[in-house]
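The values are calculated or read from the model by the stated rules, or taken from the named source; none is laboratory data. Model, not experiment: these values are computed from the prediction. Cβ placement follows ideal geometry from the backbone for every residue including glycine, while neighbour counts extend to all protein chains displayed. These accessible areas exclude ligands, DNA and RNA; they are computed on the full protein's heavy atoms, side chains included. Shrake-Rupley method; radii C 1.70, N 1.55, O 1.52, S 1.80 Å.
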Amino acid sequence: MYQCWIENEYGERLELTNNKNYTVYQIDGLNPPDATINTTHVTNFDGSKFNSSRINERNIVVYLTIERDCEVNRINLYRYIKTKRYVKFYYKNSTRDVYIEGYVESMSIAIFEMKQNVQISILCPQPFFKAVNNDTLDFSSLTSMFVFPFAYEEAGAPFSAIEAITAKSIPNYGDIENGIIIQIRAIGTALNPQIYNLDKNEYFKIDVDVAAGDLITINTNRSQKSVTLLHDGTTTNIINNVQLGSSWFQLLVGDNGFSYGADEHPENLMCSFTHTDEFEGV
């Protein structure tokens, strides 16, 4: 069994399955998308030489039948599905709960048939399905320090303490390698924060002084790459502060080892990773 929804640009959702007003009987474009392979023929040699390859955009086509009051239910589709406008397509089965973003290419309806059949074509520039739920991993843990029996000294006693963990494994359960969102929060002054990919011997370093309360956000996802600093309520683009030689990390499928630090006072930094699994097909 499966379920699918359409969500328009205003966040309004319409479930197409388990809906007495519509019957979905076919969905195309759920399998892995096609690729374009670029090759060059070499004189006097058999075959060809591989140059490059790329995954093409995805085209999802939903076929459904309008039930019951055809006019009312047909007009209701227009509210959620507008030609050339942004939509999210959600799909859930027993193993995957995913969505993909796209734009409505067309919606054709056989208005004068006894059973009104609808064909909805959605063009998705980014071809991979994304998991609905993100995975966030903090490089810190909360250690309880409150025990019985207890007595308060004049200086007071802590109930808990945050313990920084400088190395952890970040899993990627998707089908492809993709980027992450890294947040570095300062609880005191620190100089030149940096992230290390222990498996690939890569680093990402930012030449900047941070103070207590500052938040650095690094986005390494393709077509979304950015580095910002939130300081005193103002967000600033600091991509020019990224040190030469830094790598925009891509998580390999499986476990990926990372650590973080700084040139001065690394103990004043807290770090978290947010990752979204991506899939070629469902």
Looking only at segment 81-96, count how many residues are farther than 20 Å from Glu12 by Cβ and open to solvent by 50 Å² or more (accessible area, probe 1.4 Å). 3
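Within 29 Å of the chain's Cα centre (by Cα) and surrounded by 13 or more Cβ atoms within 10 Å (Cβ to Cβ), is that true of Tyr78?
No, not satisfied.
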Of the residues in segment 46-71, those that are touching a residue at least 24 places away in the same chain (Cβ under 8 Å) and not in a loop (DSSP other than H, G, I, E, B) number 11
Segment 127-148, residues that are in a strand (DSSP E or B) and at pLDDT below 50: Ser141, Leu142, Thr143, Ser144
Residues of segment 16-35 satisfying the condition of being open to solvent by less than 50 Å² (accessible area, probe 1.4 Å) and under 29 Å from the mean Cα position of the chain (by Cα): Leu16, Thr17, Asn19, Val24, Ile27, Gly29, Leu30, Pro33
Any residue at all in segment 198-218 that's within 19 Å of Val253 (Cα to Cα) and open to solvent by less than 20 Å² (accessible area, probe 1.4 Å)? no
Subset of segment 100-120 [in contact (Cβ under 8 Å) with a residue 40 or more places away in the chain, within 22 Å of Glu9 (Cβ to Cβ) and not aliphatic (A, V, I, L, M)]: Gly102, Glu105, Gln119
Return the residue satisfying two criteria in turn: it lies in segment 36-59 and is in contact with a Phe, Trp or Tyr (Cβ under 9 Å, 6 or more places away or on another chain) and open to solvent by less than 70 Å² (accessible area, probe 1.4 Å), and of such residues it is farthest from Ile176 (Cα to Cα). Thr40
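The rows are residues; the columns are (1) within 27 Å of Val132 (Cα to Cα); (2) touching a residue at least 12 places away in the same chain (Cβ under 8 Å).
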{"residue": "Asp214", "(1), (2)": "no, yes"}
{"residue": "Thr217", "(1), (2)": "yes, yes"}
{"residue": "Leu244", "(1), (2)": "no, no"}
{"residue": "Gly257", "(1), (2)": "yes, yes"}
{"residue": "Phe279", "(1), (2)": "yes, yes"}
When segment 1-45 is checked residue by residue, the ones that are assigned to a loop (DSSP other than H, G, I, E, B), over 21 Å from Asn93 (Cβ atoms) and polar (S, T, N, Q) are Asn21, Thr43, Asn44
Out of Tyr99, Tyr103, which single residue is in a strand (DSSP E or B), open to solvent by 80 Å² or more (accessible area, probe 1.4 Å), of a type outside the set (A, V, I, L, M) and under 30 Å from Ile37 (Cβ atoms)? Tyr103
